[in-house]
Structure formats: structure tokens, C-alpha cells
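Novice: First the structure, which I've put down as C-alpha cells, then a few questions once you've had a look.
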Amino acid sequence: MTANNMADPRRPSKIFRYKPPNTETNPTLEDPTPDYMNLLGMVFSMCGLMLKLKWCAWIAVYCSFISFANSRSSEDTKQMMSSFMLSISAVVMSYLQNPQPMSPPW
Amino acid sequence: MRHLVFLLPALLLLLALPDTRGRYNDDFDDGEDIAEFDDNDFAEFEDVSEDPAVDVEKEPPPRAAPSSTPIEDDEDEATVENEDGQDEFEDADAQDQDMYSKYDNEEFEGYEKTNPSFKNTLIYREVPAHLQNSWESYYMEILMVTGLLAYIMNYIIGKNKNSRLAQAWFNSHRELLESNFALVGDDGTSKEATSTGKLNQENEHIYNLWCSGRVCCEGMLIQLKFLKRQDLLNVLARMMRPACDQVQVKVTLNDEDMDTFVFAVGSRKAMARLQKEMQDLSEFCGDKPKSGAKYGVPESLSILSEMGEVTDGVMDNKMVHYLTSHAEKIESIHFSDQFSGPKVMQEEGQPLKLPETKKTLLFTFNVPGMGNTSPKDMDSLLPLMNMVIYSIDKVRKLRLNREGKQKADRNRARVEENFLKQTHTQRQEAAQTRREEKKRAEKERIMNEEDPDRQRRLEEAAQRREQKKLEKKQMKMKQIKVKAM
């Protein structure tokens, strides 16, 4: 019995449950990229809609994609979808109002 | 315009008949009446067009030359009369004049043509791009969509690669973990503590595994921190600055499992960074990192320790062997009984309680391959996991001697005192501000009180309170003085 205990380090009686680390007390552990990209995407899509700038709308689409790629699995998908839809609507509205193709800045 | 009236009858006879014969005979089978009617209807304009057309033909060339011959009625008449006879031959030509020739010359009196040959230079206006009906004009949009598609492709490929690497790691380490821990894999949500036997996916690039149920430790959290292969921007950034996947192991210990010491070993860069960042390393290991060569470990590794005895205790033969053979994979190894994470930036005026500490062993390993890892590389991390298990058992057995223990206790007391001193001034300031706020609020209340009687009463109450406080302070001072004596 003791030999078995000595050889086998497992102790089922000493099991502790997993507690996810509290990120509120340690903000350095969190990656801020998805939140920043989400915000940036929304700002660009509003710019694109209000100022009728096509390139703003396209950048908004990219931002929402980047935010989605970097997001945590625990995050709300509704937020992601809403920013994505907003950016798509910005692109569509810019083209409906002005079907001309985008001119490069150079 | 008056000349038209004179010219019309003459020209009608000469031009109309041959014209109608040429143009309308084929089209109309009705009698000549209609043709004649049409002729008469349009003949007016025909004559006008042919007449000045011929004149315009002749006139621009002379006008091109810097001649001062003005456009005069006499000339018109003259040219017309001259050409009366030639009209028959020039009918065909006259018909081919462009629309500019239909205008009367007199309209252009005084108008100096700057471009006499303007009818030769037809300007082709650019058709706006969106009316062109060609996809080529939308090349920027096509570029954007292509970029998006590339991003999506990269996302799928990167996600799959990370997932395969994680699975490969788990497959190679599963046996070792299951033989050492009663609980392998837990997400904390299920009611009963049963092994899930799989990794928790936190992100597309971070995987967690919680193991528990072993002697000498509370639990072990393994984090597979892969590169963000699913994000194209990150992939491009990594082309500039290469980075590697990391495996982080954090073992939390019970109080009886570890003696009081702080120790760290790792690559020189990592040690320099940790000494600045980590709360416990900065407080307890004040000296510069020492080179590992002194202890038989490669030069690339350096050591941070609370005292020499700890280093000697930790760096036994087996440990040295592990470190030497896997030096390139070791980023940092950190043993601490005062672990509280990285230094938290304090906001001004906020007194902190002493941060909570936990006895912890932290290991950070670099996956070989520098980003271009394949699932096979995960097997090379297995010896490192053996080292982790060995370290857990070793730390349990490592006990400082009496001197070492005393030194360690003194260090901890010193750190606590420093902390209290720092926060003491902050706490005092906070208390002072609070007291001042209270006084101000009271005074305001008194001032705002309209009823003079109540005002007086409140003032008196405030005065009495102040007096009491003063008396208390005086009593304290007296007591202190007596004690001092």
C-alpha cells in the first residue's frame, strides 16, 4: 500500500477545481487587440457612412475581420456580428450613393 | 437675314430639283407633291447650309492667313454669285458639310476664330468610369476583396495549424500527465471534478490545461501560447520580427510544500526583463543576474537568487543536466513563495494593501522552430515536462538551514515594512483629505442654514466637537511624554 503510494504521486483527494484567472485585477494579462479593433471598426464605418468615404468603409470591414480573428472564445458573438454588419452596411451605402469606383490616393 | 430672302428663289430652282431627285425619289412613291413639299420645307435650310458652307470652305483658309479682309455682305454676294454656276458640281460636297456650316456667316461677324481648323479637332470627352461598363475600372475594389479573401484563407489555415500543434503537444504529454495527476483537464464549469481529457481553447492561439490531484502541489496550469497564425497582420509583422511559440507552466503549491525563498534562472534577456517586471524578483533579488557559468550551466543562462544557499540548493546535478541539454528551449524558470504577478501600476492617491502572494513555480519554454514549428517538434518538449515534475518534488524536499531561514524572514519583514511606510504616507494623506472634506461639508451646511437659531446651534455643536478632539490629543501627548520619561 505504502509502496503503491510512494510510486504513484496521484492523490484524488487533493483535487482542486480550475478557477479562471481574474483579469480585472491583472489587466496586463488581457490582449486589448480585439477591443481596439472593434472600436476602430465602428469609428471607420461611421466615418464612411457620414462622410461618404469608400476607403473608410473598406478599412472598417478589415478592422472587424481582424477583431474577429483575435477575439476570445468567451466573448459575445453579438458584438462581433454587429460591428461586422455595420461595416458591410457602410460599404454598401457608399456604393449605392456613389457607384463610381474608388480612386487610389496616388 | 435679308439676303436669305433674295437668295432663296434663285437657289431653289438650281438646287432643289437635282437634290430631290437624288434623295427622295427612291424613298417616296407618292407623287412629287410630297417631295416638293418636303423640298420646300427643308430646302430653306438646305440652301442656307450649302450656301455658307461653300463660303466657309473658302473663307477659313483666307482667314487663317492674317488677312484683314472683314466678313462683308459684298463678299458673300460675290462668292455666292461666283458659285452659282458651280453649285451643281459642288452639291455633293455641300451635302457633306458638318453642322457648323449650317450657320449663317453673318452670325460670326466680329467673331474672330482662334481655331480655324476646329472642325478637324474632335475632342473625345472621357466617359465617367462607372458608365464605362468595364470591370477594369473597379480594380481597387477587386484588390480589396482579394485582400479580404486572403485574410479569410489565412485565418482558416492558421487556426488549423495551431489546433494541430496543440493536439500534438497534448498527445505526446498525455501519458506523463495522467500518470502524475488525478485530474487532467478541467474547465471549472462542470459540477463534478472529472477529467475532461482535453485542452481548453481560450482563443485561436491560446490553449489551457488544468491538472490537479498530486502530492506536493495544489495544481498545475499549462498554457500553450502559440503565435497568432490566424491573423494575417500578425503573420506579416512576424516576418519583420521573428517570434516563437511558448509553453507556460504555472504550478501552485500549498504552504507546506515549499520553504521561503525566491529564485529564477533563464536567458539573460528574460532575466533582465523579469527583474524589472516581477514584484517579488524586484524586491527580493536586488542584485544583477549572475552568469550561469559559475554553476556549470551554459553562458546564455543567468541566475537571480535571494541568497547563495538557495542557488546551491536548487542547482543540483540533475537540474544542471536538464538546463544544459535544453538551454535553448528555456526562456525562464521562477520559483517563489512570494509570487504575486507582475508589478501593478498604482494610481495616485490609492493606498494598496499588501498584494496577495502564493507559492508558485513558473516555467516558460520556447518551442523550437522559431515560428515554423511542426507537430513533431512538440515531442522535444517532453523532457522539459519531466524537469517540471522533478522540480516540484525537489522544492518539496528543499529546506533552508537556520541561517538561511533567518535571513529569509528578515528579508520578508523588511519588504513588508517598506511597503507599509510607503502606503502609510498615502494612507495619512487620504485620511487628511477625508477629514477636510467632512469639515468643508459641515461648514457649508451651516452657511446654507437659513434659520439663524439653527445656525448658531450647529456652530456650537461643531465647536464642542473640535474641543473634544483637541483635549483627546493633548491627553495622548501627555501619556507619550510620561511613557518616554
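Novice: Mind checking which pairs have a first residue in segment B:181-208 that is within 29 Å of residue A:7 (Cα to Cα) and facing chain A (nearest Cβ under 8 Å) and a second that is surrounded by fewer than 16 Cβ atoms within 10 Å (Cβ to Cβ) and basic (Lys, Arg), Cβ under 7 Å, 6 or more apart or different chains?
Specialist: Final answer for the pair search is B:186/A:17; B:188/A:17; B:188/A:19; B:193/A:17.
Novice: Scan (1) in contact with a helix residue (DSSP H, G or I) (Cβ under 8 Å, 6 or more places away or on another chain); (2) within 7 Å of chain A (Cβ to nearest Cβ); (3) open to solvent by 10 Å² or more (accessible area, probe 1.4 Å) for the single condition residue B:230 breaks and write down its number.
Specialist: Looking at each condition in turn, residue B:230 falls short on (3).
Novice: Ok, one more. Condition check: open to solvent by 10 Å² or more (accessible area, probe 1.4 Å) and not in a loop (DSSP other than H, G, I, E, B). Does residue B:168 satisfy that?
Specialist: Yes, satisfied.
Novice: Something else: Do you know which residues across segment B:387-412 are away from chain A (no Cβ under 13 Å) and of a type outside the set (Lys, Arg)?
Specialist: Residues satisfying the conditions are B:387, B:391, B:395, B:398, B:400, B:401, B:403, B:404, B:406, B:408, B:409, B:411.
Novice: Pick from A:35, A:31: which is of a type in the set (Asp, Glu) and either away from every other protein chain (no Cβ under 12 Å) or in a helix (DSSP H, G or I) (or both)?
Specialist: Values: A:31 fails: either away from every other protein chain (no Cβ under 12 Å) or in a helix (DSSP H, G or I) (or both).
Among A:35, A:31, only A:35 is of a type in the set (Asp, Glu) and either away from every other protein chain (no Cβ under 12 Å) or in a helix (DSSP H, G or I) (or both).
Novice: Given the residues A:45, A:67, which is the only one that is within 22 Å of residue B:143 (Cα to Cα), touching an Asp or Glu at 6+ places or on another chain (Cβ under 9 Å) and in a helix (DSSP H, G or I)?
Specialist: Details: A:45 fails: touching an Asp or Glu at 6+ places or on another chain (Cβ under 9 Å).
The match here is A:67.
Novice: Another one. Condition (residue is modelled with pLDDT of 80 or more, in a helix (DSSP H, G or I) and surrounded by 13 or more Cβ atoms within 10 Å (Cβ to Cβ)) applied to segment B:117-135: is it met by at least one residue?
Specialist: No, because not a single residue in segment B:117-135 is modelled with pLDDT of 80 or more, in a helix (DSSP H, G or I) and surrounded by 13 or more Cβ atoms within 10 Å (Cβ to Cβ).
Novice: A further question follows. Checking the condition modelled with pLDDT under 85, basic (Lys, Arg) and in a helix (DSSP H, G or I), which residue from B:440, B:465, B:435, B:454 passes?
Specialist: B:454
Novice: Just to be sure I understand, how many residues within segment A:86-103 are within 16 Å of residue A:62 (Cα to Cα), of a type in the set (Gly, Ala, Ser) and open to solvent by 20 Å² or more (accessible area, probe 1.4 Å)?
Specialist: Of the residues in segment A:86-103, 1 are within 16 Å of residue A:62 (Cα to Cα), of a type in the set (Gly, Ala, Ser) and open to solvent by 20 Å² or more (accessible area, probe 1.4 Å).
Novice: Given the criterion within 7 Å of chain A (Cβ to nearest Cβ), open to solvent by 20 Å² or more (accessible area, probe 1.4 Å) and not aromatic (Phe, Trp, Tyr), identify the matching residue among B:153, B:140.
Specialist: On inspection, the qualifying residue turns out to be B:140.
Novice: Between A:83, A:67, which is open to solvent by less than 60 Å² (accessible area, probe 1.4 Å), within 13 Å of chain B (Cβ to nearest Cβ), modelled with pLDDT of 90 or more and within 19 Å of residue B:155 (Cβ to Cβ)?
Specialist: Values: A:83 fails: within 13 Å of chain B (Cβ to nearest Cβ).
It is A:67.
The values are calculated or read from the model by the stated rules, or taken from the named source; none is laboratory data. Not measured: the values here are computed from a predicted model. Neighbour counts run over all protein chains shown; Cβ positions are idealised from the backbone, glycine included. Only protein heavy atoms, including side chains, enter the accessible area calculation; ligands, DNA and RNA are left aside. Shrake-Rupley method; radii C 1.70, N 1.55, O 1.52, S 1.80 Å.
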